[in-house]
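J.: Right, I'll just put the structure down here and ask away after.
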Amino acid sequence: LRLAHRMAGLHLRNHKLVLRLFGACVVAAVIGGIAFGKVFDECAADRHIAKQDDSFRRLSSILFYSSVGMLLLFLTQISIYDPSASTSASQTRKNARIWGRVNVNWAIAFNVSFTVLWYTMTYFLCVVAKNILADSQCADHPNSISGHYAFHIYYMFAMPYLYISSLTSNNQGAGLKAVKDAIDAVIQSPSKNRNTKRKSSTTVPKDKDLHSTKGKMRVAQWLLLAAYLLFVITATMTLRRTWVMGFHTPRQILYGCLLAVLAHWTKVELLEWAARTHNGPRTLVGVLAFGWVVSAYLVSQYASLPLDTYEMVICLVLWIVLATCAWRTLKQKTN
């Protein structure tokens with residue numbers, strides 16, 4: 001259990017290091033562009049010409065929705081992912097992630113819901129900032145911050161973080177303890193327990209159960225990796241076309257990257273704080289609700305609501321999931 005926490009801590013430190021380096025590069029590029037480059041505010045091409053090309057529109061839609069599909073696959077799989085998976089036969093059947101009954105990991109489901117709703121609030125602020133900055137370069141409307149870059153860069157960092165946080169979530173911690181207890185039961189000499197009347201509550205796993213669980217978790221890990229790699233590939237192609245076809249200037253692109261880094265960094269700090277605090281999840285729900293109210297008010301003053309009906313329904317469902325997960329997570333901490 002301590003080893004798992006150390007590994008997760010190392011991954012988290014590396015994740016934060018990469019995030020800081022990327023953020024520093026973006027800030028340096030913004031400062032350099034403002035100080036020295038006229039190309040900073042130039043469009044690479046005429047976006048209206050690209051829009052008239054049917055093949056361009058079709059391929060752009062395929063790439064964008066493919067990246068969204070890979071993101072949804074990853075978020076769904078990580079919500080039911082358990083890298084420690086319990087070792088007894090009954091628990092193996094109960095915690096099966098690929099086949100059989102699905103057992104939701106409430107701690108990770110909370111992180112997933114919070115991650116999506118936090119980005120939605122960030123996008124509200126992005127729309128407001130677009131209208132306040134009023135940069136219409138490369139478009140006929142305020143286009144000051146690239147929403148495509150903000151979206152894809154945010155989730156490029158958020159997806160690995162969700163996997164790292166799954167290594168030390170509450171559910172996984174219990175699973176790791178079960179593994180440790182089972183190993184101790186195997187190592188312990190049977191002769192020492194011959195004269196004791198107490199019965200151990202630890203169920204020693206069978207080899208076939210261990211191999212079955214290990215195989216299923218390996219499939220889950222490959223699914224997560226494949227979904228993430230496909231997301232990165234389709235996102236990179238989308239972002240390249242966004243710039244090459246003249247939809248945003250370098251300034252607008254860098255502003256989108258900077259917004260994504262700030263949003264993800266703030267979210268990571270809040271989730272890390274909540275993990276160390278007894279009533280942290282419920283507090284985060286309140287913080288997020290307050291942020292949504294403020295951002296929605298700003299949208300009503302400076303822009304129109306940037307969500308379709310189905311997106312509003314998804315957000316409502318995620319709010320219900322978030323509140324449920326906060327209650328379940330707090331209940332697990334109390335127990």
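The values are calculated or read from the model by the stated rules, or taken from the named source; none is laboratory data. As the structure is a prediction and not an experimental result, all values here were calculated from the model. Every residue, glycine among them, receives a Cβ derived from its backbone with ideal geometry; neighbour counts consider all protein chains shown. Calculation scope for accessible area: heavy atoms of the full protein, side chains included, ligands and nucleic acids excluded. Shrake-Rupley method; radii C 1.70, N 1.55, O 1.52, S 1.80 Å.
J.: Can you confirm whether residue 220 is crowded, with 17+ Cβ neighbours inside 10 Å, within 16 Å of residue 112 (Cα to Cα) and modelled with pLDDT under 95? Step through it out loud before you land on a result.
T.: Values: crowded, with 17+ Cβ neighbours inside 10 Å: yes; within 16 Å of residue 112 (Cα to Cα): no; modelled with pLDDT under 95: yes.
Spelling it out, it is not the case that residue 220 is crowded, with 17+ Cβ neighbours inside 10 Å, within 16 Å of residue 112 (Cα to Cα) and modelled with pLDDT under 95.
J.: Show me the helices (runs of 4 or more DSSP H) found entirely inside segment 229-335 where at least 1 residues are under 30 Å from residue 25 (Cβ atoms), open to solvent by 10 Å² or more (accessible area, probe 1.4 Å) and acidic (Asp, Glu).
T.: Numbers: elements: 250-276, 280-302, 309-334.
The qualifying helices (runs of 4 or more DSSP H) are 250-276.
J.: Could you give me the residue pairs with C-beta distances under 8 Å whose first residue belongs to segment 56-68 and is touching a residue at least 24 places away in the same chain (Cβ under 8 Å), whose second residue is aromatic (Phe, Trp, Tyr) wherever it lies, and which are 6+ apart or on separate chains?
T.: 67/231
J.: Tell me, please, whether a residue that is in contact with a Phe, Trp or Tyr (Cβ under 9 Å, 6 or more places away or on another chain), over 22 Å from residue 263 (Cα atoms), at pLDDT below 90 and part of a loop (DSSP other than H, G, I, E, B) can be found in segment 91-103.
T.: If we filter segment 91-103 for residues that are in contact with a Phe, Trp or Tyr (Cβ under 9 Å, 6 or more places away or on another chain), which is where we start, we get 97.
So of that shortlist, the ones also over 22 Å from residue 263 (Cα atoms) come out as 97.
Of the ones still in play, those that are also at pLDDT below 90 are 97.
If we keep only those that are part of a loop (DSSP other than H, G, I, E, B) too, we end up with 97.
Among the residues of segment 91-103, at least one is in contact with a Phe, Trp or Tyr (Cβ under 9 Å, 6 or more places away or on another chain), over 22 Å from residue 263 (Cα atoms), at pLDDT below 90 and part of a loop (DSSP other than H, G, I, E, B), which makes the answer yes.
J.: Among residues belonging to segment 42-89 that are at pLDDT 70 or above and not in a helix (DSSP H, G or I), point out the one that is most open to solvent (accessible area, probe 1.4 Å).
T.: Let us first name the residues in segment 42-89 that are at pLDDT 70 or above, namely 42-47, 49, 53-80.
Keeping just the survivors that are not in a helix (DSSP H, G or I) gives 42-46, 53, 80.
Details: 42: 98, 43: 48, 44: 59, 45: 43, 46: 77, 53: 70, 80: 24 Å².
Result: 42.
J.: Now, a different point. Looking at segment 139-162, I want the residues that are on the phi < 0 side of the Ramachandran plot and open to solvent by less than 10 Å² (accessible area, probe 1.4 Å) and have a partner that is small (Gly, Ala, Ser) and not in a helix (DSSP H, G or I) with Cβ atoms under 8 Å, at least 6 apart or on another chain. Which pairs are those?
T.: 143/136; 144/134
J.: Among the residues of segment 121-151, what is the count of those that are in contact with a Cys (Cβ under 6 Å, 6 or more places away or on another chain) and over 14 Å from residue 255 (Cα atoms)?
T.: Residues in segment 121-151 being in contact with a Cys (Cβ under 6 Å, 6 or more places away or on another chain) and over 14 Å from residue 255 (Cα atoms): 1 in total.
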